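**Student:** Please see the structure below; I have some questions.
Read the figures in this text as sums done on the coordinates, not as results from a lab. In this text the structure is predicted, and so the values were computed from the model without any measurement. Positions of Cβ are generated from backbone atoms using ideal geometry, with glycine treated the same way; all protein chains shown enter the neighbour counts.
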Amino acid sequence: MSAGAVVSVEQLIDAVWGADALKRSRASVHTYVSTLRKVIVQGGGQDVIMRGPGGHRLAPDVASIDFDGIVLSVRDGRRALREHRFAIAAKSLGDGLDQWHGTALDGADGDWMSAERDRLSEMRLAAVEDWSAARRPGRSFVSIDDVPTPAAGASPDGPAAAFVDAFVQGWRAPADADELADHFDPWLHADYRFTQPLIRAPGSGRSAFREKFARPIFSLCSDVRGSVESWAHRDGMLFIAFRLDVTVGRRRVRLRVCDQVLLDDGLVAERHTHLDVVPLLSAILRSPRLWWRVARWQCADMIAKRRQLRTR
């Protein structure tokens, strides 16, 4: 439980025996530790218990201790959850919970052991709750770190690579909404569909790229610059992770974006954009002159959504 730290004999006596500590002696502790070291070595393990000034020290590789592996996985999962990287959060938390077998410190006596067992039980329960939150329906955010790595030996050419090249050129420095839309128009399928944050009604048709995507972006942002960081093509789905640097009001904002693209005969049939909108919204809130544009855009989107519902 205290890997790498020196634990005194008195601390061991108090932690293991608690109220019965008076019945124990320092010699008893040394005997138990010596026996434990022999058991570990005879079982094929390394002699990881070291004795030195001030007490004993457990000094293995952190990853070799189940508990430390659990803590690291849970910590990484919670960090990913705070950053809205739900896929990574679910995986890290799940990996940590998979290593958890039975009740922690089951059968161990002593006040310290009892308190530690309660603490670990609470930690496990919190990890389960966080894991459930990461897998909550609708949390489909994909970040750059979630983009799968291309299979070894995969061919760099083909429709996917051709579209990525066009993607890079299109986002390099579009002057306005029409330039961006004109560039991507030849790459869009006649039945093109897309979804993205802040838009309730999914867009459909090639004109939707211009009217519901490009123009809203340039109505709020200027000096748009996109830079692809990584991409992968797997199971018919293309993932493109990129940085989008824009000016909102007088503030420069960097957005981390991942486009999930379905290609049909080399054309984009579906596109789902995932990004953390908080930096964008924060900049908009600091620019009052943009508020009416957002309100008008959102009202038009709500009307379109209601029309779609009525036609179903």
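**Student:** By how many nm would the segment from S207 to V39 lengthen if fully extended, with 0.36 nm per residue of separation less the alpha-carbon distance?
**Tutor:** 53.3 nm
**Student:** Let me ask something additional. Just to be sure I understand the model, the point goes 7 Å from the Cα along the line to the Cβ. What's the resulting R75 to S28 distance in nm?
**Tutor:** 3.5 nm
**Student:** Related question: On a full-extension model of 0.36 nm per residue, what is the gain between D245 and M50, subtracting their alpha-carbon distance, rounded to one decimal in nm?
**Tutor:** Using 0.36 nm per residue and subtracting the Cα-Cα distance, I get 64.9 nm.
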